[in-house]
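The values are calculated or read from the model by the stated rules, or taken from the named source; none is laboratory data. Quick caveat: nothing in here was measured; it's all calculated off a predicted structure. Cβ atoms come from the backbone with ideal geometry, glycine included; neighbour counts cover every protein chain shown.
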Amino acid sequence: MSYILLDRADRVATVTINDPDKRNAINNEMNAELLEVFDDLEADDGVGAIVVTGAPPAFCAGADLDDLLAGGEAGTMRDIYSGFLRVAHTPLPTVAAVNGAAVGAGMNIVLACDLVVAGRSARFDSRFLQIGLHPGGGHTWRLRRVTDHQTTMAMVVFGQVLSGDEAAERGLAWDAVDDDQLLARAHELAGRAASFPRELVARTKGSILRLAEITGSEAAVDHELEPQLWSMHEPEFQNLVTELRTRISGKD
């Protein structure tokens, strides 16, 4: 069985987590496939962005319990995290298209993506404490990074589950749409990012992800200085300058 389905169209790759009978619960084989797929996509210059979704009826119901129980040591537990960390660490821009439930480790996959679009049937459910388990994989850090303190506490400690619309209201999702519009909206957003120069997007994403290191105004300028200077010497900017100069000179 292939646990990861892959489709490419218009510079956007769609990665579908595919074990619907188990509501796409994460297992070790799935993680291995996910690592391989992302390696292939990063090596493909024809791919500029990635949409991550789940085979209906769910996005991802968390970690497979057999694999989770087998991961009783730190090294083994890190293997369980390897799939969503591969998503988190890709230089390509990623959009999570959340259809149905994203639970526990499934929410970690959502939080690993750069942008989240939720179907109205989506359910965002931390659920670690409800099964007697401390959150793992950086769950609390990732959730707090994209939402506020109260939302993090409400979801993790107080067991609040958010719908697609509520996730958008709380900042966990960028947009909430009707279920039948979910993939189209995710592809629209991903396609926009994919239309920009690939290396420029990767460097810009890297700069944004390191913003927590910035402590002041001058440091913020320094943080962007080198990549901006690099971009000024790239063909896209150089060609634009040439076209503008040609246009201006033609008006003289």
- Taking segment 123-138 only, how many residues are buried (at least 21 other Cβ atoms within 10 Å of the Cβ) and either in a helix (DSSP H, G or I) or in contact with a Pro (Cβ under 8 Å, 6 or more places away or on another chain) (or both)? 2
- Query: When you scan segment 84-97, how many residues do you find that are within 18 Å of F128 (Cβ to Cβ) and crowded, with 24+ Cβ neighbours inside 10 Å?
  - Reply: 1
- Message: Among the residues of segment 6-26, what is the count of those that are in contact with a Phe, Trp or Tyr (Cβ under 9 Å, 6 or more places away or on another chain) and of a type in the set (D, E, K, R)?
- Response: 2
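Conditions tested, residue by residue: (1) β-branched (V, I, T); (2) at pLDDT 95 or above; (3) within 20 Å of V51 (Cβ to Cβ).
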| position | (1), (2), (3) |
| --- | --- |
| T147 | yes, yes, no |
| Q150 | no, yes, no |
| G159 | no, yes, no |
| A186 | no, yes, yes |
| S207 | no, yes, no |
| A219 | no, yes, no |
| E224 | no, yes, no |
| P235 | no, no, no |
- Query: Which number in (1) outside the structural domain of R11 (by TED's automatic domain parsing); (2) over 19 Å from V110 (Cβ atoms); (3) not hydrophobic (A, V, I, L, M, F, W, C) marks the one condition that D180 misses?
  - Reply: (1)
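Enumerate the helices (runs of 4 or more DSSP H) found wholly within segment 140-252, keeping only those where 1 or more residues are more than 16 Å from the chain's Cα centre (by Cα) and surrounded by 14 or more Cβ atoms within 10 Å (Cβ to Cβ).
149-156, 164-170, 198-209, 217-232, 235-251
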- Item | Residue count, segment 33-76 (criterion: over 18 Å from the mean Cα position of the chain (by Cα) and at pLDDT 95 or above) | 6
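Where in segment 22-122 are the helices (runs of 4 or more DSSP H), entirely inside, with at least 3 residues that are assigned by TED's automatic domain parsing to the domain that holds L143 and in contact (Cβ under 8 Å) with a residue 60 or more places away in the chain?
Counting at least 3 such residues, we get 105-112.
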- Task: Of the numbered conditions (1) among the small types (G, A, S); (2) out of contact with any Pro (no Cβ under 7 Å at 6 or more places or on another chain); (3) under 23 Å from V116 (Cβ atoms), A32 fails exactly one; give the number of that condition.
- Result: (3)
- Pairs with Cβ under 8 Å, 6+ apart, first in segment 220-243 and among the hydroxyl-bearing types (S, T, Y), second surrounded by 13 or more Cβ atoms within 10 Å (Cβ to Cβ): S231/L200; S231/R203; S231/F237
